[in-house]
Amino acid sequence: MRRIILAHKVRGTFVYPKEHKRGQLHPGLLLVHGWRGGSRRYIEMGETLFAPLGFVCFALDLRGHGKSGGDIEKVSRKDHLDDVVAAYDALVANPRVDAGRVYAFGASYGAYLVALASGRRRFRGLALRAPASHPDRGFRRRYNYVTDEERNVYRRTALWPDANRAFRALARFAGDVLLIDGWRDDIVPHRTILNYLRALEKARVTRHQIMCADHVLSSPRARNAVNRAVANWLQKQVSKKN
């Protein structure tokens, strides 16, 4: 494990596979938490689930979260997208990482940021759990410039792939995508998942619906189901010959 500091006092942590041969290149995995979350659980997942599969993982605390600098009441979605892009650049600059095999896993707001980042950087595959959607309005303003009520209405509205930045990026993405949603999720409703599926018209999508899962994965059963789904999908990814 190795911790680094990026621009704007954004902190990130590398998690490495225990087995490494000199000169060996590993696939990279960028881990992005949700709104008001943090990297701690993602570091643990990297250590127990993803690094044993051979991934070099990088988990960051977004600006205003965890141990990173910044005021959570002032940061914008644009700021956080920049954080994720900087984290990607740090990951691919690591001499143990194969820059042609970089994946990302994000949940909720983190999945939305991963979708945005796919339009600015090259990923082999994306794992999106309960991906939130946001209108473009207020993208460079503080997060709460758009109210919770507005977001809730937006997420329950049928949208086309050109409706926002995230969907437009995904509409161009032609890699592999794991899309996970929870049957009991009342924050990211079924309509939002359908909107994401519509945007992912060029991607190879694996959808995994977890019946017992709410948005925050409040039960151990739901958390374990998500962990298995992501780990199994990543295992299949690294097993591919090309």
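Can you give the FRET efficiency to the nearest 0.05 for Asp214 and Lys21, using r as the Cβ-Cβ distance and R₀ = 41 Å?
According to the calculation, E is roughly 0.45.
Starting from the exponent 0.38 and prefactor 2.2 Å, build the expected Rg for segment 172-226 from its residue count and divide its actual Cα Rg by it. Show your work: numbers first, answer last.
Values: Rg = 12.0 Å, N = 55, 2.2 N^0.38 = 10.1 Å.
Rounded to two decimals, the normalised Rg is 1.19.
Where does the chain land at 222 nm, in deg cm²/dmol rounded to the nearest 500, when only DSSP H runs of n ≥ 4 count, each adding -39500 (n - 2.57), divided by all residues? Before the final figure, lay out the partial values.
On the way: 7 runs with 77 residues, N = 242.
So the helix-based figure for the chain works out to -9500 deg cm²/dmol.
In which sequence would Met1, Met45 go, from the one with the fewest C-beta neighbours within 10 Å to the one with the most?
Values: Met1 11, Met45 22.
Going from sparsest to densest Cβ surroundings: Met1, Met45.
Would you list which lysines come within 28 Å of Lys78, measuring only between C-alpha atoms, while excluding same-chain residues fewer than 8 positions from it?
Lys78 reaches Lys9, Lys67, Lys202.
Calculate one ³J(HN,Hα) per residue across segment 6-22 by plugging θ = phi - 60° into the Karplus curve 6.51 cos²θ - 1.76 cosθ + 1.60, and present them in order as whole Hz with x for glycine and proline.
9, 4, 6, 6, 7, 9, x, 10, 8, 10, 10, x, 6, 9, 8, 9, 4
Taking DSSP loops as anything outside H, G, I, E and B, show the longest stretch in the chain free of GluC sites (Glu not before Pro) there with at most 13 other beta carbons within 10 Å. Walk me through the intermediate numbers first.
Details: sites that count: Glu19, Glu73, Glu201.
Result for the longest clean stretch: 74-200.
With N set to the number of residues, divide the alpha-carbon radius of gyration of segment 2-239 by 2.2 N^0.38 Å and report two decimals.
Working: Rg = 16.6 Å, N = 238, 2.2 N^0.38 = 17.6 Å.
So segment 2-239 has a normalised radius of gyration of 0.94.
Quick one: Karplus J couplings for segment 91-101, per residue in order, coefficients 6.51, -1.76, 1.60, θ = phi - 60°, nearest Hz, x for Gly and Pro?
Those phi angles translate into 5, 6, 7, 5, x, 8, 9, 7, 5, x, 10 Hz.
From the phi of every residue in segment 139-147, what ³J(HN,Hα) in whole Hz does the Karplus formula 6.51 cos²θ - 1.76 cosθ + 1.60 yield, where θ is phi - 60° and glycine or proline is x?
These are the phi-based 3J(HN,Hα) values: 4, 9, 9, 4, 3, 7, 4, 8, 6 Hz.
No value in this document is a laboratory result; all are computed from the given coordinates. Please read these numbers as outputs of a predicted model, since none were measured by experiment. Note that we place each Cβ from the backbone using ideal geometry, even for glycine, and neighbour counts take in every protein chain shown.
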